[in-house]
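Asker: Would you mind keeping the following structure in view while I ask a few things?
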């Protein structure tokens, strides 16, 4: 049971880029998210991811539910297979680890599960393993084999035929390999290769089996990197075409039958149809949920950002597209240039509550796009809210000055804005739901840090030598006012830029509408020409008409912030930045292995972001964190060289500082983070790799140690809340290298400087290192809000009571 004084309000995490990474069962979607498996209920889309399960040491590559059981299986790049079992609690049903095993040293590339519970996995070592899953959730390896030398399986599909199992294997070959076996005689009769189906021109990426007539007719769909889909019909016994096979036409590839024997009788595969329409790799296939009942439709998705539903025309027998979803691929096929673009996995199911058809697609950005339809022909679909989140390490988290929402940066080259949906939310039952409301920056470099300059401006830096200043647009500001409890300042809104776009070539978002991509600009013009009420079609606010938080399409195209300035001066990649409380001064630092570059450079935002000539010297290695005191009087700097330095602001107008103290023995290992205690006392906390946190106080022209606490693991982030408790203590959140988070009281006047209040429950923790903790200055119903960024690519929001 979770403690009543802690609640987890939100989890934002993106889906990994693999074809077998998600699955659905009984209203629950499980998908690989970094090193975790995330659970999400699509019927309550406003709630987002409800839980993450941690057991893998590397990214999760495949997830599969086991039919007619309480289990699902996940596989990862670490070669580990984890079994998760359903746990029934008092109010909710969650999953917990039941057991795990190591397949081999290679990554798990695919998982297939038969109706009888037989599990087959593929590995990057080329091995294909067959497993038995016991009733208590333990995996037992029955047999392993390889298709051929230097063949790596990428996708698997199993079809049950009475007592036999047919296993289709696709991988780094243009052929489809079909094996047959029975689980009862597997050890004495290993899987036999019964058919090799040629025809594709590149690697096989995905399969989908469907039973058209039980015991007689089945169809196997295969998708390839050659951009084509092939349908293979499997006939059994009397359904097999028994015409004269010596005829020339039956020797052609398009008509050849690949016959083999099964315990149930004879069987034969034959080529059924070739489906063309995608412009890039076909990465996912799903048959209609009711295909076995006669609704023979096929969903395909591709790296060309398209999802297409195919159905055979009853008159011509040709498979044609009846619906197309996704995006218009303005830039064309992206995999040709080595980019992992478009879509990578899909699901198609029926919502048990509304009986609507639902399609989920995941892709390059890590978002789960969701489409719903009540059309019996599945021609009309509506895009609805899915799941969004970073897909690589989260590097920084910063709340806005008013504390309503926060920004994050990530190594996935994005800056994101997350906020609670509090207004006009019909789905709210007891509290607001959190969502991504903007993606201010989509960059060409991995993002590492940011800080606020005002309520509408921020400065950020990626793994490059410059920093960039961004300003919120009118459309995003209005969007936040419509959905969130933010201040309604009409005068401010009027001076903000109207919109921003990302040019085809370049890293900078532009405020000028003329900088739109050529295809994007043309598309907008065509869309707006039909709107006779708009005199200036280029200035239509797309976000203004939304009734829900933005979807992934909106976030990518219409929620960018324009860049208003660049800050130059460093010789290496930026590592951290900090702005003064009034936003007039910006302190920055870069990577360094020498004292020459281990300096702090200051920019004067009040003077057009002018670089101050004086640099703050004293450190010898990379500076890891900086923070101004709440009143802006001091700047605290910590570094990999185990030192901390304190600087006082001598002349804010000119951006000049004086060194107060350089403590050369602050810690015995790298100091990762530091945070000031609330205003009124010049005290701060530091956290280090030496497994300790320390409380310091500024006394005159020196910094005095007030107390220290040893921790069990290296400390990677610390954050203090801006309010003082009645007993004079300050609240400090401490995150460590293993993803654990603890809440402490810090009081220099107490016998124990640090007193632990509680730990965040293990079930709610990230899988790996805490990269940034950040308290909101705003409380909600008297509860503190803590945002957490982790190297497991997740962003989490907790509410705490002390």
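Asker: Considering only the stretch 71-123, state which residues are assigned to a loop (DSSP other than H, G, I, E, B) and under 20 Å from residue 32 (Cβ atoms).
Answerer: Passing the criteria: 77, 78, 79, 103, 104, 105, 106, 107.
Asker: Identify, please: which residue in the stretch 737-747 is surrounded by fewer than 21 Cβ atoms within 10 Å (Cβ to Cβ) and farther than 13 Å from residue 678 by Cβ and is, among those, farthest from the chain's Cα centre (by Cα)?
Answerer: That would be 742.
Asker: Out of (1) touching a residue at least 24 places away in the same chain (Cβ under 8 Å); (2) farther than 26 Å from residue 289 by Cβ, what's the single condition that is false for residue 57?
Answerer: Of (1) touching a residue at least 24 places away in the same chain (Cβ under 8 Å); (2) farther than 26 Å from residue 289 by Cβ, only one is false for residue 57: (1).
Asker: If you don't mind, another one. Would the stretch 726-734 turn up any residue that is assigned to a loop (DSSP other than H, G, I, E, B), within 31 Å of the chain's Cα centre (by Cα) and modelled with pLDDT of 95 or more?
Answerer: Among the residues of the stretch 726-734, not one is assigned to a loop (DSSP other than H, G, I, E, B), within 31 Å of the chain's Cα centre (by Cα) and modelled with pLDDT of 95 or more, which makes the answer no.
Asker: Filter the stretch 1-31 for residues that are touching a helix residue (DSSP H, G or I) at 6+ places or on another chain (Cβ under 7 Å) and within 30 Å of residue 341 (Cα to Cα) and give the result.
Answerer: 27, 29, listed by residue number.
Asker: Identify, please: which residue in the stretch 687-738 is without any contact (Cβ under 8 Å) to a residue 12 or more places away in the chain and in contact with a strand residue (DSSP E or B) (Cβ under 8 Å, 6 or more places away or on another chain) and is, among those, farthest from residue 786 (Cα to Cα)?
Answerer: Per the stated criteria, the residue is 704.
Asker: Among the numbered conditions (1) more than 16 Å from residue 113 (Cα to Cα); (2) in contact with a strand residue (DSSP E or B) (Cβ under 8 Å, 6 or more places away or on another chain), tell me where residue 142 comes up short.
Answerer: Unmet condition: (1).
Asker: Within the stretch 103-128, which residues are under 17 Å from residue 180 (Cβ atoms) and over 28 Å from the mean Cα position of the chain (by Cα)?
Answerer: 114, 115, 116, 118, 128
Asker: A further question on this structure: Identify all residues within the stretch 553-588 that are free of Cβ contacts under 8 Å to residues at least 60 places away in the same chain and not in a loop (DSSP other than H, G, I, E, B); write none if there are none.
Answerer: Residues satisfying the conditions are 554, 557, 587.
Asker: A further question on this structure: Got a sec? Which strands (runs of 3 or more DSSP E) wholly within the stretch 650-700 have at least 2 residues that are more than 15 Å from residue 635 (Cα to Cα)?
Answerer: 671-676, 683-688, 692-699
Asker: Right, another one. Only one of (1) at pLDDT 95 or above; (2) farther than 18 Å from residue 272 by Cβ; (3) surrounded by fewer than 21 Cβ atoms within 10 Å (Cβ to Cβ) is not met by residue 186, so which one is it?
Answerer: Condition not satisfied by residue 186: (1).
Asker: Read through the list (1) surrounded by fewer than 18 Cβ atoms within 10 Å (Cβ to Cβ); (2) under 27 Å from residue 184 (Cβ atoms); (3) over 24 Å from the mean Cα position of the chain (by Cα), then give the number of the only condition that residue 25 fails.
Answerer: (3)
Asker: May I ask you to verify whether residue 116 is under 22 Å from residue 69 (Cα atoms) and in contact (Cβ under 8 Å) with a residue 60 or more places away in the chain?
Answerer: In short, yes.
Asker: Shifting gears a bit: Can you tell me which of 74, 19 is over 30 Å from residue 801 (Cα atoms), crowded, with 24+ Cβ neighbours inside 10 Å and modelled with pLDDT under 95? Steps first, please.
Answerer: Numbers: 74 fails: modelled with pLDDT under 95.
Of the residues listed, the single one that is over 30 Å from residue 801 (Cα atoms), crowded, with 24+ Cβ neighbours inside 10 Å and modelled with pLDDT under 95 is 19.
Asker: Could you name every one of the strands (runs of 3 or more DSSP E) located completely within the stretch 1-42 that has at least 2 residues being closer than 22 Å to residue 301 by Cβ?
Answerer: Per the criteria, 22-25, 28-33, 36-40.
Asker: Exactly one of (1) in contact (Cβ under 8 Å) with a residue 60 or more places away in the chain; (2) in a loop (DSSP other than H, G, I, E, B) is unmet by residue 786. Its number?
Answerer: Unmet condition: (2).
The values are calculated or read from the model by the stated rules, or taken from the named source; none is laboratory data. The structure presented is a predicted model; accordingly, all values stated were derived computationally and were not measured. When we count neighbours, we look across all protein chains shown, and the Cβ atoms used for this are built from the backbone with ideal geometry, even at glycine.
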